[in-house]
């Protein structure tokens, strides 16, 4: 289900969140990963089907809010959360940051608010994980100024400027689901890192140009747009192999991640 042509075997998927310390805006999270709230939200039916399809191992202290505390940042220090998309494994911790602005796609938030529990679960959406005041706190990617991306990010050409300084640029990555966006971060050394969320599930797949099977992408989103986005990521890597690409479930990205416990 994760890689076209692969055999039948369980696959381990890390679930990553990114903590970005902006020089003037403060602490920003890219997604939240899993949280005990996910287990509570998937206790009843039909939501429990989500947990059966993707069994979760979450140890005490692994939630984003707990990891941030070990780095010296309390929930009140998180000024914004950039939501790549509204699948449960990316938003389960939103409840822990009630004062943060939510940068997200209007299309994604509107989809998870639609009625139909079974239809939502089939798409990986758990409405109970979205704060009731999300709309009041939301800053929509679609409404932000668009600016050119650095040439080193071609064939991606423009992004939504979150803070008006081109340090964090949201980039639409269609196909995985409604309102799916990544984030280009300009680091202190002026190099860039591209957080890809679920536009690909590993950097190895991007290098090999092997997407998930059509069945998988059709269940979650749209296969045509997904494969076009995936092909563009392969062209980006081929043209700029030194660029740091960070899919949210990539074992290589997890291996290089800095963890609060020093791992």
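The values are calculated or read from the model by the stated rules, or taken from the named source; none is laboratory data. Please read all numbers here as calculations on a predicted model, not as lab measurements. Here Cβ is always computed from backbone atoms with ideal geometry, including for glycine, and neighbour counts include all displayed protein chains.
Among the helices (runs of 4 or more DSSP H) confined to the range 75-150, the ones with at least 1 residues that are under 13 Å from the mean Cα position of the chain (by Cα) and closer than 19 Å to residue 180 by Cα are located at 88-91, 106-112. Among the residues of the range 112-151, those that are surrounded by 14 or more Cβ atoms within 10 Å (Cβ to Cβ) and closer than 30 Å to residue 243 by Cβ comprise 124, 138, 139, 140, 141, 142, 144, 146, 149, 150.
To keep it simple, each residue is scored yes or no on (1) more than 15 Å from residue 18 (Cα to Cα); (2) at pLDDT 95 or above.
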{"site": "157", "(1), (2)": "yes, yes"}
{"site": "169", "(1), (2)": "no, yes"}
{"site": "173", "(1), (2)": "yes, yes"}
{"site": "185", "(1), (2)": "no, yes"}
{"site": "188", "(1), (2)": "yes, no"}
{"site": "255", "(1), (2)": "no, no"}
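When the range 200-225 is filtered for residues that are part of a helix (DSSP H, G or I), out of contact with any strand residue (DSSP E or B) (no Cβ under 7 Å at 6 or more places or on another chain) and under 20 Å from residue 239 (Cα atoms), the ones remaining, listed by number, are 204, 205, 207, 208. Checking every residue in the range 70-84 against the condition of being closer than 20 Å to residue 13 by Cβ and in contact with a strand residue (DSSP E or B) (Cβ under 8 Å, 6 or more places away or on another chain) gives at least one match.
Residue 196 passes every criterion in (1) without any contact (Cβ under 8 Å) to a residue 60 or more places away in the chain; (2) surrounded by 18 or more Cβ atoms within 10 Å (Cβ to Cβ); (3) over 15 Å from the mean Cα position of the chain (by Cα) apart from (3). Residues that are closer than 19 Å to residue 98 by Cα and over 17 Å from the mean Cα position of the chain (by Cα) within the range 38-60 comprise 40, 41, listed in sequence order. The lone criterion from (1) in contact (Cβ under 8 Å) with a residue 40 or more places away in the chain; (2) more than 30 Å from residue 209 (Cβ to Cβ); (3) in a strand (DSSP E or B); (4) out of contact with any helix residue (DSSP H, G or I) (no Cβ under 8 Å at 6 or more places or on another chain) left unmet by residue 20 is number (2).
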